[in-house]
Amino acid sequence: MLELKNISKIYNPGTVTEMCLFEDFNLKVRDGEFISVVGSNGSGKTSMLNIICGSIPINGGEVLINGKNINRLKEHKRYEQMGRVYQNPALGTCPDMTILENMSIADNKGKPFGLGFALNKKRYEFYREQLSSLGLGLEDKMNIKLGSLSGGQRQAVALLMATMTPLEFLILDEHTAALDPHTADIIMELTDKVVREKKLTAIMVTHNLRYAVEYGDRLLMMDRGHIILDKSGEEKANATIDDILDIFNRISIECGN
């Protein structure tokens, strides 16, 4: 289980722009949950993900995994059990390297390698099988540079890379926001498939209310560092876009968005 306990986060402390985003913030994520998180700009969605991943420091509280405090665990060490897919696939991939090279790097995440590191030809067929599972024909393009692919293809590969090694948590940071609607739908279907098949605990931040309603088994809405809506189980299954949109519009107007 992942737990954020009594988290406080202050940006620019001691300055005229000091801003307290989180004060005594709490969240428990049960094993195997797929959580969708929505909220207006400045609600704390991405900051919450960054705190979980160790990308930004906290001013107080604890980040716990299975009851163990990981506050002092560096970001790169947390990624040994977490995978993250960003809005911009370039942040999680190397666009100037081939698909094969990118997959090889992802395959070796958390393993020691130095200047002698090279592609493992024994893994070629495994990479082909993984790419084939995407249904995009990328298994025949392994020697093409990743940066030459379309946005949707790159994001699909980024999703595959993030989940290639055994992990417990998948962090999805608005990973469909930069895609056209049709491609975004494809990526969401692939995301749901990967989460279910690999039995991952996933947290997805999204601005797409339809995705938040249709995917996952728990829905959170955040506003100015607080969780103002938390639906799961039957309540989540019965949620409608109109219900969520009404609340979302009200807080967006209050925030001036």
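Annotations
- Neighbourhood net charge (14 Å Cβ-Cβ; Lys/Arg +1, Asp/Glu -1) for D217: -1
- Helical contribution to [θ] at 222 nm, DSSP H n ≥ 4, -39,500 (n - 2.57), averaged over the chain, rounded to 500: -9500 deg cm²/dmol
- Segments 49-62, 197-210 sorted - mean Cβ within 10 Å per residue, highest first: 197-210, 49-62
- Other residues with beta-carbon under 13 Å from the beta-carbon of A202 carry, at +1 per Lys or Arg and -1 per Asp or Glu, a net charge of 0.
- Relative packing of 66-74, 90-98, which averages over residues the other C-beta atoms within 10 Å, highest first: 90-98, 66-74
- Available extension along the chain between D140 and N41 is 31.6 nm, counting 0.36 nm per residue and deducting the alpha carbon span.
- Rolling a 1.4 Å probe over the heavy atoms of the protein chains gives the stretch 114-257 an accessible area of 50 Å² per residue.
- Shape of the chain, Cα gyration tensor, a/c cut at 1.5: prolate
- Net +/- balance of residues flanking G32 in space, Cβ distance below 12 Å, scoring K and R +1, D and E -1: +1
- Heavy-atom accessible surface of the stretch 14-81: percent carbon and sulfur, 1.4 Å: 47 percent
- Rounded to whole Hz, the Karplus (6.51, -1.76, 1.60) HN-Hα couplings of the stretch 198-215, x for glycine and proline: 8, 6, 8, 8, 10, 10, 10, 8, 8, 9, 8, 5, 5, 5, 4, 7, 7, 10
- Shape category assigned to the stretch 1-131 from the gyration tensor of Cα positions, a/c cut at 1.5: prolate
- Carbon/sulfur fraction of accessible area - the stretch 114-219, other protein chains in place, 1.4 Å, %: 51 percent
- Listed by chain and number, the aspartates and glutamates whose C-alpha is less than 12 Å from the C-alpha of K111, apart from same-chain residues fewer than 8 away, are E80.
- For the stretch 1-90, the per residue solvent-accessible surface stands at 48 Å², with DNA, RNA and ligands left out and a 1.4 Å probe.
- Working ranking of peptides 33-39, 186-192, 121-127, 11-17 by packing, defined as the average number of other Cβ atoms within 10 Å per residue, highest first, is 33-39, 186-192, 121-127, 11-17.
- Considering only L138, Q87, I7, the residue lying farthest towards the positive end of the dipole of the stretch 1-158 is L138, judged by Cα position with unit charges set on Cβ.
- Using a cut-off of 22 Å between Cα atoms, the listed pairs K9/K109; K77/K193; K145/K193; K9/K68; K5/K109; K193/K236 include K9/K109; K77/K193; K145/K193; K5/K109 as exceeding that distance.
- Hydrophobic long helices, here whole DSSP H runs in the chain with Kyte-Doolittle means of at least -1.0 and Cα atoms spread over 18 Å or more along the helix axis, are found at 181-197, 241-255.
The values are calculated or read from the model by the stated rules, or taken from the named source; none is laboratory data. What you are looking at is a predicted structure, and each value in this text was computed from that prediction instead of being measured. All Cβ positions, even for glycine, are placed from backbone atoms using ideal geometry, and neighbour counts span all protein chains on display. To get the accessible areas, we keep the full protein, side chains included, count just its heavy atoms, and leave off ligands, DNA and RNA. Shrake-Rupley method; radii C 1.70, N 1.55, O 1.52, S 1.80 Å.
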